[in-house]
Amino acid sequence: MTPVLEIRRASKSFGSHRVLHDVSFAVYAGEVHALVGENGAGKSTLMNIIGGIHRRDAGEIMLNAEPIDPLDPWQARQLGISVVFQELSLTPNMTVAQNIFVRREPTSALGLIHWRQLNDDARALFERIGIDISPTELVGNYSVGIQQIIEIAKAISFDAKVLIMDEPTSALSESEVDRLFSIIAELKQQGVAIVFISHKLGEVLRIADRVSVLRDGEMVGVVNPSDSNQDEIIHMMVGRSLGDLYPAKGVVSDEVLLEVEGLSHPPLFHDISFSLRRGEILGIAGLIGAGRTEVARAIFGADRYSRGSVKLAGIKLDLKSPRQAIAHGIVYLTEDRKVMGLFLSMTMRDNIVSSSLARFTDALGLLKHRAIADESLRAIKQNDIRPRDDLLSMTSLSGGNQQKSLLAKCLSANPKVLIADEPTRGVDVGAKVKIHQALRDLANRGIGVIVISSELPEVLGLSDRVVVFREGHVSAVLDGDNIAQADVMRYAVQ
Amino acid sequence: MHDMQILKSKQSDGAGLLQRFSLETLQIGGLALAIVVFAIIVQMNFPVFLSLPNINVMIVNFLPEAIIALGMTIVIITAGIDLSVAGIYPFSAIIVGLLLLAGAPIPLAIIITLAAGAFIGAINAFISNTFRVHPFIATLAILLILRGVNIIITGGSPVSGFPETFAIVGQRGIDFGTFLLRYSVFIWLALALLIGYLLRNHRFWRLSYFIGGNRRSARMSGVNVERYLYFVYMLSGALAAVAGVIVASQFNAASNSYGQNLELRVITAVVIGGADLNGGAGSVLGSMLGVLFIAMIYNAFAMSGISTYWQDVVVGAMLLASILMGEVLKRRRAN
């Protein structure tokens, strides 16, 4: 059988930096082929070459045994290769159908759009993948998860023979992931070849027929999920054994640092109570929409709550703004680092000190530049951010290093309590391990750490105790070394 | 029709109203309502307001800005801005006048002038595309240059004495005895209907909403955004030239003093009409109502004898009110 898509010995360099070297890769009709590797391993470059964004330096791309040479994403799509990129490419102010068929609307000879036909086409498309989305609704009114599905519908509407998905689950809740997977299964049935790029190995093993591993621009191997496991794949990805994926748990003191009692803000959350001890990592698990982020923001003073109390070291706090929270030693590492946490167009140095500027200003309010430079260099060293040039703009850093900078920013405020919301979303395995270690180091220094994560293994591996949220309520507080994933899941959904 | 429905459902159920109509419909409906209420109030105090001679005055003031607002609407939908229209408008009035005085045939003079307007639009797009500067800066630079050029080529005094037949465009019309329906009204109406229709229904024209809504997404969908922006700014420039030709014909004269602060009035009108300066939203109907509203306000103040300084206060307040209304509607809808 010939593969639908085959890459033969592709190479690509940017300047003197070699990103891909002699990479070969094939995907067959009806196959889900996962592509994994650390950030910087060359996955995105490989996809960009196939999708027509970059030109390869050497090698061949074969579609149904015919060599092709897509010049741009549009052309690649016309050929039957559709890439669903990580960042959504939909326009929120237009309807679903308009977004899907932009530039391909059914029109009269004069170019006037047949609206009914357009919406019917969209409906037929959704029927094909077995979902129910209104073609006439504005895209912006749907959640990110649904938008992801609309994006996929758009991709296959080009009669895609090959569908490439780059981190399609990074913004999805568990139930949305299930929905996505059933769509993938449906497309598989219809003979579409699917390339699935993901950091989440659990998902990869669940959905993939084969897994290709890239490391430092080279193809290290192709494995079959049924006779492999997560550890082996991680080993292939990093070229070394990571040892235990999660840092050893620490010694938690009995001293309660933060106490949340009966916190309510209907309809978002109701009667939330839990406590955080010095030196503890408290995990908060739950589905997206269970109220985890909302509670964290309320504790941080970013949003109001209507009832209940938050006590820090026994003293009741009445925080009206994040500024007051930071002054009390509570910092919040945001879920969406690009939107809320970092100033992307500014330098790493500006970012690192941005929430602790009070410490670096003199009586007149002027900045102490020398002290700021010292602090940022210290933070870069401590958090192992690369490259070690604090005058670089944030945009030039990889996702993992951006996340580490965000952590450094929080730490430079000398917190007592750190709330980390999805601290490892979208970062590669290597950076993940470092972030986990950094969080544990903080706890060991006596800081109370709250970790909110949608990845169950992460919550369980990292936390001393786990609070499970369900529909705005605390459904369980689990303690001990051997909390089972299934238990947490049960409390999260039932 | 919509006004009636909005009124009815407002009394019964506010939430239903939000769901039943799109944001655009609500904003346009609200604006139309404001125009009607305003007209009634002014009419009750100054019965001359809706008299035929005064309506004629309003039309004369309304037309050029309405035509320029057509182009500005598309520019703003693509998340751009075009300040240079206030330079192109007097510039094209002067150019068409100078060409006529030099003996050029009327159709040729008009065509050259429209081409010049489009060419200046192309320069706007070129600067903004090539040097990646915000259109605000590119078109501001062109506006300033044109203001200077306009004075230089006229020596600061008006150009006049055009051939008799040129007056047809802006002065003649269908005579109803007490009321003259000028031909220029038909030019505006034809342009507004055509552009409004295309912007709603034509594949190519609709791309402006995609470019303004998410430029990256438009690019990924294979839109040549830069080339499209050439089209948009050339259209805006050409429409400003149409307005310039009409005004030259109307007054049988061209002066560099035409169109003072016109760019801001037009932008204000388009935003009051529901366009979003962040791009992706706007409509011809809304913009036309916006221009009408502003024209009415200025007219009412000029007539009333209240200090005309108050008119800017009212227009500014209206702009704020419409933006606030848009925001409130958006938020209510999101909840």
| Is one or more of the residues making up segment B:172-190 touching a helix residue (DSSP H, G or I) at 6+ places or on another chain (Cβ under 6 Å) and at pLDDT 95 or above? | yes
| query | Right, residue A:349: touching a residue at least 24 places away in the same chain (Cβ under 8 Å), surrounded by fewer than 14 Cβ atoms within 10 Å (Cβ to Cβ) and outside any strand (DSSP E or B) or not? | reply | no
| field | Within segment A:282-333, strands (runs of 3 or more DSSP E) holding 2 or more residues that are at pLDDT 90 or above and assigned by TED's automatic domain parsing to the domain that holds residue A:461 | value | A:307-312, A:315-317
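Okay, residues lined up against (1) in contact with a Leu (Cβ under 7 Å, 6 or more places away or on another chain); (2) more than 9 Å from every other protein chain (Cβ to nearest Cβ):
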{"site": "B:146", "(1), (2)": "no, yes"}
{"site": "B:171", "(1), (2)": "no, yes"}
{"site": "B:174", "(1), (2)": "yes, yes"}
{"site": "B:187", "(1), (2)": "no, yes"}
{"site": "B:201", "(1), (2)": "yes, no"}
{"site": "B:207", "(1), (2)": "no, no"}
{"site": "B:210", "(1), (2)": "no, no"}
{"site": "B:222", "(1), (2)": "no, no"}
{"site": "B:228", "(1), (2)": "yes, yes"}
| query | How many of the residues in segment A:113-125 are within 12 Å of chain B (Cβ to nearest Cβ) and out of contact with any Pro (no Cβ under 8 Å at 6 or more places or on another chain)? | reply | 1
| query | Quick one: in segment A:90-112, which of the residues that are buried (at least 20 other Cβ atoms within 10 Å of the Cβ) and facing another protein chain (nearest Cβ under 9 Å) is farthest from residue A:149 (Cα to Cα)? | reply | A:105
| query | Tell me, which residue of segment A:164-176 that is touching a helix residue (DSSP H, G or I) at 6+ places or on another chain (Cβ under 7 Å) and not in a strand (DSSP E or B) is surrounded by the most Cβ atoms within 10 Å (Cβ to Cβ)? | reply | A:168
| query | If you go through segment A:371-384 one residue at a time, do you hit one that is surrounded by fewer than 20 Cβ atoms within 10 Å (Cβ to Cβ), hydrophobic (A, V, I, L, M, F, W, C) and either assigned to a loop (DSSP other than H, G, I, E, B) or out of contact with any Phe, Trp or Tyr (no Cβ under 7 Å at 6 or more places or on another chain) (or both)? | reply | yes
| said: Just to check your reading of the model, which residue among B:25, B:73 is among the hydroxyl-bearing types (Ser, Thr, Tyr) and modelled with pLDDT under 90? | reply: B:25
| remark: Filtering segment A:475-492 down to residues that are in a strand (DSSP E or B) and closer than 16 Å to residue A:291 by Cβ yields A:475, A:476, A:477
| note | For segment B:29-83 the number of residues that are part of a helix (DSSP H, G or I), surrounded by fewer than 21 Cβ atoms within 10 Å (Cβ to Cβ) and touching a residue at least 60 places away in the same chain (Cβ under 8 Å) is 17
| task | Mind telling me which of the residues A:286, A:314, A:291, A:279 ends up being surrounded by fewer than 19 Cβ atoms within 10 Å (Cβ to Cβ) and small (Gly, Ala, Ser)? | result | A:314
| field | Filter result for the condition that a residue is under 16 Å from residue A:162 (Cα atoms) and not β-branched (Val, Ile, Thr), over A:15, A:37, A:42, A:30 | value | A:30
| Going through segment A:157-183 one residue at a time, which ones are modelled with pLDDT of 90 or more and closer than 20 Å to residue A:426 by Cβ? | A:164, A:165, A:181
| Going through segment A:132-145 one residue at a time, which ones are closer than 18 Å to residue A:184 by Cβ and either more than 24 Å from the chain's Cα centre (by Cα) or modelled with pLDDT of 85 or more (or both)? | A:132, A:133
| Does residue B:194 qualify as being within 30 Å of residue B:99 (Cα to Cα), within 14 Å of chain A (Cβ to nearest Cβ) and of a type in the set (A, V, I, L, M)? | yes
| field | Criterion (touching a Phe, Trp or Tyr at 6+ places or on another chain (Cβ under 7 Å) and either without any contact (Cβ under 8 Å) to a residue 60 or more places away in the chain or facing chain B (nearest Cβ under 10 Å) (or both)) met by exactly one of A:49, A:129, A:133 | value | A:133
| field | Qualifying helices (runs of 4 or more DSSP H) (wholly inside segment B:251-334; at least 1 residues being within 14 Å of chain A (Cβ to nearest Cβ) and surrounded by 14 or more Cβ atoms within 10 Å (Cβ to Cβ)) | value | B:309-334
| query | Can you tell which of A:448, A:426 is in contact (Cβ under 8 Å) with a residue 40 or more places away in the chain and under 19 Å from residue A:258 (Cα atoms)? | reply | A:448
| said: Suppose the filter is among the charged types (D, E, K, R), more than 10 Å from chain B (Cβ to nearest Cβ), on the phi < 0 side of the Ramachandran plot and crowded, with 19+ Cβ neighbours inside 10 Å; does residue A:56 pass it? | reply: yes
| Taking residue A:158 and the conditions (1) away from chain B (no Cβ under 14 Å); (2) touching a residue at least 40 places away in the same chain (Cβ under 8 Å); (3) farther than 17 Å from residue A:32 by Cβ; (4) in a loop (DSSP other than H, G, I, E, B), which numbered condition does it fall short on, given that it satisfies the others? | (1)
| For segment A:180-208, what are the residues that are surrounded by fewer than 20 Cβ atoms within 10 Å (Cβ to Cβ), within 16 Å of the chain's Cα centre (by Cα) and part of a helix (DSSP H, G or I)? | A:202, A:203
| Can residue A:30 be described as part of a loop (DSSP other than H, G, I, E, B), away from chain B (no Cβ under 14 Å) and not charged (D, E, K, R)? | yes
| remark: Per the filter on segment A:77-89, residues more than 10 Å from every other protein chain (Cβ to nearest Cβ) and in a helix (DSSP H, G or I) are A:79
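The values are calculated or read from the model by the stated rules, or taken from the named source; none is laboratory data. Please read all numbers here as calculations on a predicted model, not as lab measurements. With ideal geometry, Cβ positions are generated from the backbone for all residues, glycine too; neighbour counts draw on all protein chains shown.
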